[in-house]
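Colleague: So that we are looking at the same thing, I have put the structure below in structure tokens.
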Amino acid sequence: MDGALQRRMNLRVHRFVESGTQANQKLTEYFHDNNPLLRAEKELVEVQVRSVVPLAGGHSYEIEWSEITREVSGRLKKTETWKAVFSLASGSKPPIDDVEALKDNPLGMFVNQIWWDRIEGGAK
């Protein structure tokens, strides 16, 4: 497990979520309750995006993905299918002196609402 890489990826995710929004609160709570650094000590999760469908209005997308969870030895633990709806908004641009934020999200498009739920699986 590469803890430094995991921390960078978490920071990168938050660069696409505007602070003070429902999406920011949901992700903050999720990462607090499901620490990916601790999880990676026990299991590995592979994510396969199955579909991304724009919804009416053009500001929301329905995303479906599979999560394949394995023990660190590689043994399959479970496969789950998830679905989410993300709503986007253009927000404030990242500070001009935050080069990494500008590289990650140069257009200033942010997720401001998010909902997800498991729709299938949980067992081998």
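Colleague: Please build a GNM for the chain, connecting alpha carbons under 10 Å apart, and tell me which residue among 17, 85, 52 fluctuates the most.
Modeller: Sorting by GNM fluctuation, first place goes to 52.
Colleague: Over all directions, how big on average is the projection of the convex hull of the alpha-carbon atoms in the stretch 51-90, in square nanometres? Spell out each step's value before the answer.
Modeller: On the way: hull surface 15.2 nm².
Dividing the Cα hull surface by four gives the mean projection, 3.8 nm².
Colleague: Tilt of helix 3-14 relative to the longest C-alpha principal axis of the chain, in degrees (0 to 90, nearest 10)?
Modeller: Between the helix axis and the principal axis of the chain, the angle is about 50 degrees.
Colleague: For the stretch 73-83, what does the Karplus curve 6.51 cos²θ - 1.76 cosθ + 1.60, with θ = phi - 60°, yield as ³J(HN,Hα) per residue in whole Hz, taken in order and with x for Gly and Pro?
Modeller: Listing the rounded values in order: 6, x, 5, 5, 9, 6, 10, 10, 10, 10, 9 Hz.
Colleague: Limiting things to C-alpha atoms, what are the Rg and the maximum Cα-Cα separation (Dmax) for the stretch 3-121, in angstroms?
Modeller: Considering the stretch 3-121 through its Cα atoms, Rg and Dmax are 15.7, 45 Å.
Colleague: Ok, one more. Would you check the stretch 25-124 for Lys pairs whose C-alpha atoms are within less than 24 Å, ignoring same-chain pairs closer than 8 in sequence, and give me the count?
Modeller: 10
Bear in mind that the values in this text are calculations on the coordinates, not laboratory data. What you are looking at is a predicted structure, and each value in this text was computed from that prediction instead of being measured.
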